Amino acid sequence: MDIPPDSLTTGSLTPDALAVARGIGRLFARNDIWCMAEMPLRNGRRADLMGIDAKGQVIIVEIKVARADLMGDGKWTDYLDHCDRFFWGLASHLDRACMESEAFRPNQCGLIVADGYDAEILRPAPLMPLAPARRKVEVERLARAALRRQAVAMDPRIGQWGGA
């Protein structure tokens, strides 16, 4: 299921999640990682943040600002097939103790704590390399989505033409 990228800029992120995304975006920018919010994936999921680092590695961040949402998320493992590195991005007020449990696979996931101003990596995300062909597909999809969003931002009517 492909969702048109221009329809999702940050629509489903709450104000608290947007603040966390902004803090993570600032951290990433300082580290030459450029990301985009609300990136639809080919499996029908939507990554809260998806980006590319200076080495061409694909990074996904799943943002959580409420304990119930964090504890009830059973879909997050669906993101692992679409990135080289996966991070949890948590609001600074959340208790992070559960992130060390096997349910959250600490050996496969990094941990970032953020607010609206900045972020800090508490646990680096281990590299779990995508197959080169898969990485190429993900990078191209991300690039096309970013370009489409930019074009629609300049001219909203342009979104009526072309594919997703």
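The values are calculated or read from the model by the stated rules, or taken from the named source; none is laboratory data. Keep in mind that what you see is a predicted model, and the values were worked out from it rather than measured. Every residue, glycine as well, gets a Cβ built from its backbone with ideal geometry; the counts of neighbours run over all protein chains shown.
List of remarks:
A quick yes/no check of all residues on (1) at pLDDT below 95; (2) among the β-branched types (Val, Ile, Thr); (3) buried (at least 18 other Cβ atoms within 10 Å of the Cβ); (4) assigned to a helix (DSSP H, G or I):
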{"position": "Gly116", "(1), (2), (3), (4)": "yes, no, no, no"}
{"position": "Leu127", "(1), (2), (3), (4)": "no, no, no, no"}
{"position": "Leu130", "(1), (2), (3), (4)": "no, no, yes, no"}
{"position": "Arg149", "(1), (2), (3), (4)": "yes, no, yes, yes"}
{"position": "Val152", "(1), (2), (3), (4)": "yes, yes, yes, yes"}
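- Meets criteria (in contact (Cβ under 8 Å) with a residue 60 or more places away in the chain, buried (at least 21 other Cβ atoms within 10 Å of the Cβ), in contact with a helix residue (DSSP H, G or I) (Cβ under 7 Å, 6 or more places away or on another chain) and not hydrophobic (A, V, I, L, M, F, W, C)) for Gly56: no
- Arg42 part of a loop (DSSP other than H, G, I, E, B) and modelled with pLDDT of 90 or more: yes
- Residues (surrounded by fewer than 16 Cβ atoms within 10 Å (Cβ to Cβ), charged (D, E, K, R) and either modelled with pLDDT of 95 or more or within 18 Å of Asp16 (Cα to Cα) (or both)) located in segment 70-99: Asp73, Asp95, Arg96
- Qualifying positions in segment 52-69 - at pLDDT below 85 and either under 22 Å from Leu27 (Cα atoms) or assigned to a strand (DSSP E or B) (or both): Ala66
- Residues satisfying the criterion are absent from segment 72-87 (criterion: over 20 Å from Met39 (Cβ atoms) and basic (Lys, Arg)).
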